[in-house]
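The values are calculated or read from the model by the stated rules, or taken from the named source; none is laboratory data. Source: prediction; values computed, not measured. Here the Cβ is made from the backbone with ideal geometry for all residues, glycine too, and neighbour counts use every protein chain on show. Protein only, heavy atoms only, side chains kept; ligands, DNA and RNA dropped before computing areas. Shrake-Rupley method; radii C 1.70, N 1.55, O 1.52, S 1.80 Å.
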Protein chains: 2
Amino acid sequence: MEERVIGNGTLADGLVATIRGRIAARTLVPGAKLPSIRAFAKTMRVSNSTVVEAYDRLAAEGAIRSRPGSGFYVAAPLAPLSLAEIGPTLDRAVDPFWIARQSLEAGDDVLKPGCGWLPPSWMPEDALRKALRALSRADDSTLADYGSPLGLTPLRQLLARRMAERGIEASPEQILLVDSGTHAIDLVCRYLLQPGYTVLVDDPCYFNFHSMLRAHQARVVGVPYTPSGPDIGLFARALSEHRPRLYITNSALQNPTGATLSPVTAHKVLKLADEAGLTIVEDDIFADFEQTPAPRLAAFDGLDRVVHIGSFSKTLSASLRCGFIAAPRGWIEGLTDLRIATSFGSSRMSAELVLSILKDGSYRRHMEGLRVRLSRARDATIARLAPLGLTPWIEPEAGMLLWCRLPEGLDAAEIAKRALARNVVLAPGNAFSLSRSANGFLRFNVSQSLDERMFEVLEAAMRESR
Amino acid sequence: MEERVIGNGTLADGLVATIRGRIAARTLVPGAKLPSIRAFAKTMRVSNSTVVEAYDRLAAEGAIRSRPGSGFYVAAPLAPLSLAEIGPTLDRAVDPFWIARQSLEAGDDVLKPGCGWLPPSWMPEDALRKALRALSRADDSTLADYGSPLGLTPLRQLLARRMAERGIEASPEQILLVDSGTHAIDLVCRYLLQPGYTVLVDDPCYFNFHSMLRAHQARVVGVPYTPSGPDIGLFARALSEHRPRLYITNSALQNPTGATLSPVTAHKVLKLADEAGLTIVEDDIFADFEQTPAPRLAAFDGLDRVVHIGSFSKTLSASLRCGFIAAPRGWIEGLTDLRIATSFGSSRMSAELVLSILKDGSYRRHMEGLRVRLSRARDATIARLAPLGLTPWIEPEAGMLLWCRLPEGLDAAEIAKRALARNVVLAPGNAFSLSRSANGFLRFNVSQSLDERMFEVLEAAMRESR
């Protein structure tokens, strides 16, 4: 074990950390000259090559700069965190932010089969209007006051009952309301991670996991995803090789593949997680789209090492912000403190709106209709993509996503760029793939793929890319 | 300069960083034994005392544990971030979270002169109801879709015009809508800080700044606050001694003192900030309470090194969540990326509600009435506190806060504990003071201090504390 702590590589680690700390503390200010390699090596009693390695690494991360013939200097000014610049520079066409921002910024004349949500016309408009009218008659506390630290109690009670229907036993005191599924995962990451910690994700996975983990300065390791969950052999190997702190995954209707965890894989994942002391974040924002409930890690595990995440952005409204965390009992106090420190409270109005729509049965009716509508749209999209040579990796049981393989030799990023020039936002596969091995795939949202123009643009972009 | 980078202390820094990194990466797992001091010193070619220093520091931060007669072991399990445990352990009565959570959890029978917001009955209830009814008639995109990355354009345009009235030139493209003032500051901190960076705050200041900066693992340095802003001599000294990355402050109606920055101090603060390359976060959430606008750092500076923060939680509703950041032009792209990565988007519904209330003049009328009402409540509170021997540090020009000195020898934390037992939440001074030098002060919210029972409880608690 001593060999791991010490050795040459680790001496360089120590130098890097020391100099980085001095820059952070501004003992070394922007523009200051670092000691020469030879002098520094001598004083530190390390070899020249150790100092060279440390300086090279600091230069690569932009903390210091070399001026040929003169030496190394602290870079100026201190660069703020840029998610676009951490990690390898990406072609903007497969940069996760590109998809998100293109979709968010798109005008009405833009088609967006690459976006991850339903068109507003598919959302329960009447129920939202009715809930807003009811809210306009609420008492003044509801309209103007902060919510309680955990969030609206009757909504947490209702969420606990809904989870129980899926076999997840959570008391309302284990549920914390937050602003969205993304916010929920971010809060858990802030609670558990430090810069340099390792996190496992599926490959492919929701592209925003990559961006978020970059913001946490985590080391991200991908595990290939199969139609029944992560590849268990490679998952086990990743655990022993990388000793991750966290694994973030979707159990049902995985984004982008639409695949669903099998009971056997769920059991094996949890067994390995137990042995390795791994925490799992189960992002379950697509749960309500399911026709038949898939196994949930949180149900198997009982919220011991699994944190369960949900939200209403995909099924009810993304305009009001409401998500939740169901976490191990001992974590709620710390998560709530962290939530108060970083954004004070969740929106009481949003919670009231969600509660009133969930309570009166209109959400259940809306979801029943939505499942039928999505099923038809999925069939239509698959049928329309077939003549173009695009085939689904699997046929998902439910949900809006379809992960499609392009004909051999076509480049998804290239096609996406050409389509964007014609006002169609596609989602190229590598945006979802840490190993960048999915450039033969596109992710389609079947609810956003009903306009014939989309297929015409896609066909033209594919033709031009050959 | 070489002396600073190297030397004995810094060798220990390197060892600490190396071992911490190995624990983070889980190369050293919980329970693993560390090398003996002698063996480790020999292999690292450092003195025994350097290794002892490194191990002692790691033990102090809880990363490793010593077992007498056996050696040092990696502590198990990996502890999640606990804001309550970082920094010195506080008496819960002066723990910032204590005040926040007591206030948030308080039932209707609890009086809370220590909380930092208005009673809901003081908020523009009719305007909120009207805005909700109008929103119930909005189009389906407004009801159900994500907002644009920066947030609702007409609201950003209106905010830019409102800032211009205070002399702050910000284009709508420099304004990013977020969920609250707290969320705004947290996002800026995530953008600019790394663990170990130093941040200046006023002493006393809003207690949640302390909690938030603990979540960022920042080093926090306090600068004594005077009735016209930070003490300039000590501010200058803190800059040269600590080289902070950020200074977080309120320019107008400072929390907790109610004091306001003078033009001369504003000039000096900015001059020193320019010389030191310091960024300033100007938290201006109390702006709309002012009778006459105070100087704004963002106005003097032109959003060059000043980030300006605002929110509607204190003046309109804390139930809908809406705040904003006006930042240097070059930062907006990075801040927006970070916002998408960590919570995807802001609430479009909240932005629409704020916009409709701001647009139709009802907000302006509400604020005019509120200023008069607060002014009367302030006079009444000062008059009622005088016979108890409580005197305001200054008489604020506006706002809800009153920073009051207790009679000699009384202990604010003790009084707060006794008052809580009688269902009155007070805000003891040391919760606001990094140096813990404000235990002779209580912060009162004049809008929450109109119930005679509060004064009776206060008097009894003071009597029992003598």
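Specify the residue that is farthest from the other protein chains (Cβ to nearest Cβ); the eligible residues are those in the range A:339-363 that are in contact with a Phe, Trp or Tyr (Cβ under 8 Å, 6 or more places away or on another chain) and open to solvent by 10 Å² or more (accessible area, probe 1.4 Å).
Among residues in the range A:339-363 that are in contact with a Phe, Trp or Tyr (Cβ under 8 Å, 6 or more places away or on another chain) and open to solvent by 10 Å² or more (accessible area, probe 1.4 Å), the one farthest from the other protein chains (Cβ to nearest Cβ) is A:345.
Looking only at helices (runs of 4 or more DSSP H) that fall completely inside the range A:326-442, which ones have 3 or more residues that are of a type in the set (Ser, Thr, Tyr)?
So the answer is A:332-343, A:362-385.
Kindly list, by first and then second residue, each pair from a residue in the range B:45-65 that is under 18 Å from residue B:28 (Cβ atoms) to a residue that is at pLDDT below 80 and charged (D, E, K, R), limited to pairs with Cβ atoms under 8 Å and residues at least 6 apart or on different chains.
From the range B:45-65, the pairs are B:58/B:20; B:63/B:20.
Given the structure, is residue A:186 acidic (Asp, Glu) and crowded, with 21+ Cβ neighbours inside 10 Å? Give the derivation first.
Numbers: acidic (Asp, Glu): yes; crowded, with 21+ Cβ neighbours inside 10 Å: yes.
In short, yes.
If residue A:366 passes every condition in (1) touching a residue at least 40 places away in the same chain (Cβ under 8 Å); (2) open to solvent by 10 Å² or more (accessible area, probe 1.4 Å); (3) under 24 Å from residue B:313 (Cβ atoms) but one, which one does it miss?
Residue A:366 satisfies every listed condition except (3).
Is there a residue in the range B:247-256 that is more than 14 Å from every other protein chain (Cβ to nearest Cβ) and over 30 Å from residue B:375 (Cβ atoms)? I'd like the intermediate steps shown before the answer.
The first filter runs over the range B:247-256 and keeps only residues more than 14 Å from every other protein chain (Cβ to nearest Cβ), leaving B:249-254, B:256.
Checking which are over 30 Å from residue B:375 (Cβ atoms) leaves us with none.
Within the range B:247-256, not a single residue is more than 14 Å from every other protein chain (Cβ to nearest Cβ) and over 30 Å from residue B:375 (Cβ atoms).
Every residue in the range B:423-466 that is over 23 Å from residue B:377 (Cα atoms) and open to solvent by 30 Å² or more (accessible area, probe 1.4 Å), please.
Hits for the range B:423-466 are B:434, B:435, B:436, B:437, B:439, B:463, B:464, B:466.
Grab the helices (runs of 4 or more DSSP H) fully contained in the range A:160-273, keeping just those with 3 or more residues being within 12 Å of the chain's Cα centre (by Cα).
Working: elements: A:181-192, A:207-215, A:232-242.
Passing ranges, in order: A:181-192, A:207-215.
What do you reckon, is residue A:91 surrounded by fewer than 16 Cβ atoms within 10 Å (Cβ to Cβ), under 30 Å from residue A:457 (Cβ atoms), at pLDDT 80 or above and more than 10 Å from chain B (Cβ to nearest Cβ)?
Values: surrounded by fewer than 16 Cβ atoms within 10 Å (Cβ to Cβ): yes; under 30 Å from residue A:457 (Cβ atoms): yes; at pLDDT 80 or above: no; more than 10 Å from chain B (Cβ to nearest Cβ): yes.
Against the criterion (surrounded by fewer than 16 Cβ atoms within 10 Å (Cβ to Cβ), under 30 Å from residue A:457 (Cβ atoms), at pLDDT 80 or above and more than 10 Å from chain B (Cβ to nearest Cβ)), residue A:91 does not qualify.
For residues that are of a type in the set (D, E, K, R) and within 14 Å of chain A (Cβ to nearest Cβ), scanning just the range B:200-246, find the one that is nearest to residue B:306 (Cα to Cα). Full working, then the answer.
Initially, the range B:200-246 is screened for residues of a type in the set (D, E, K, R), giving B:202-203, B:214, B:219, B:231, B:237, B:241, B:243, B:245.
In the following step, the residues that additionally are within 14 Å of chain A (Cβ to nearest Cβ) were identified as B:214, B:219, B:241, B:243, B:245.
On the way: B:214: 22, B:219: 20, B:241: 21, B:243: 17, B:245: 12 Å.
Step by step, filter the range B:200-246, then rank; the result is B:245.
In the range A:109-152, what residues are of a type in the set (Asp, Glu) and more than 9 Å from chain B (Cβ to nearest Cβ)? Steps first, please.
As a first pass, look at the range A:109-152 and keep what is of a type in the set (Asp, Glu): A:109, A:125-126, A:139-140, A:145.
Across the range A:109-152, the qualifying residues are A:109, A:126.
Within the range B:223-245, count every residue that is buried (at least 22 other Cβ atoms within 10 Å of the Cβ) and within 20 Å of residue B:442 (Cβ to Cβ).
Qualifying residue count, the range B:223-245: 1.
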